[in-house]
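All remarks here apply to the structure that follows.
The values are calculated or read from the model by the stated rules, or taken from the named source; none is laboratory data. In this text, all values refer to a predicted model and were calculated from it rather than measured experimentally. Cβ atoms come from the backbone with ideal geometry, glycine included; neighbour counts cover every protein chain shown. Areas reflect the complete protein model, heavy atoms only, side chains present, ligands, DNA and RNA absent. Shrake-Rupley method; radii C 1.70, N 1.55, O 1.52, S 1.80 Å.
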Amino acid sequence: MKRILLVGTSAKHMDDMKRIVYNVYAEKRIDSAYSAEQARGILQNNSFDFVIVDISSVNSWEYQITHTIYKQTSAFVLILVPQKFSTPVQNGHFRGMAVEKPISRVTFAQVLRLIDWVLSLQKEKEELQQRLSDICIVSRAKRLLMKKKQMSESEAYLYIKNQAMNQHRAKRAIAQNILNHYQT
């Protein structure tokens, strides 16, 4: 996680949140927005991994800005909602969650750690999916080389590996070139 954005109107609440967030994510850059215009400007010019929105009411600009955040970013969004919040927060279409406030500092820190863990699992999943995709493409290219050039499986793999080393490129890129060459 690289950057975190805090959105809300209350300077006191924002300062409290910032301290807790900093204790959990000391090495991360934390930005704050105190108005809709400021939040939109920050979102246009920056990329965030995690956004925390402190909503004061259903008709507030903070509630409205959450829709902008969902549409414009892939950030995980934590929405702090008042207990009297009558409209349920829909979270089926975005990465995020809503937590009722007031929330204790300890609970808030635990929620942040849980989100950090979830985001690390998400990142690990994406990396594993990419590796699996790479393996599948290299495997398809090996099979194509075995068929078209009558190579053994180990010869086809060594060919891809050596081409990647000689050209300073990834095996996936070499394999994709092989697939493109023979499948046209």
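Consider residue 26 carefully, then state whether it is buried (at least 18 other Cβ atoms within 10 Å of the Cβ) and of a type in the set (A, V, I, L, M, F, W, C). It is false that residue 26 is buried (at least 18 other Cβ atoms within 10 Å of the Cβ) and of a type in the set (A, V, I, L, M, F, W, C). Scanning segment 150-162 for residues that are open to solvent by 50 Å² or more (accessible area, probe 1.4 Å) and part of a helix (DSSP H, G or I) gives 153, 154, 155, 157, 158, 159, 161, 162. In segment 91-106, the count of residues that are part of a helix (DSSP H, G or I) and open to solvent by less than 60 Å² (accessible area, probe 1.4 Å) is zero. Taken over segment 1-19, the criterion of being within 28 Å of residue 123 (Cα to Cα), among the basic types (Lys, Arg) and either open to solvent by less than 70 Å² (accessible area, probe 1.4 Å) or not in a loop (DSSP other than H, G, I, E, B) (or both) is satisfied by 3, 18, 19. Scanning segment 42-61 for residues that are in a helix (DSSP H, G or I) and in contact with a strand residue (DSSP E or B) (Cβ under 8 Å, 6 or more places away or on another chain), which turns out surrounded by the most Cβ atoms within 10 Å (Cβ to Cβ)? Residue satisfying both the conditions and the ranking: 43. Only one entry in 123, 71, 84 is open to solvent by 90 Å² or more (accessible area, probe 1.4 Å), modelled with pLDDT of 85 or more and either basic (Lys, Arg) or not in a helix (DSSP H, G or I) (or both), namely 123.
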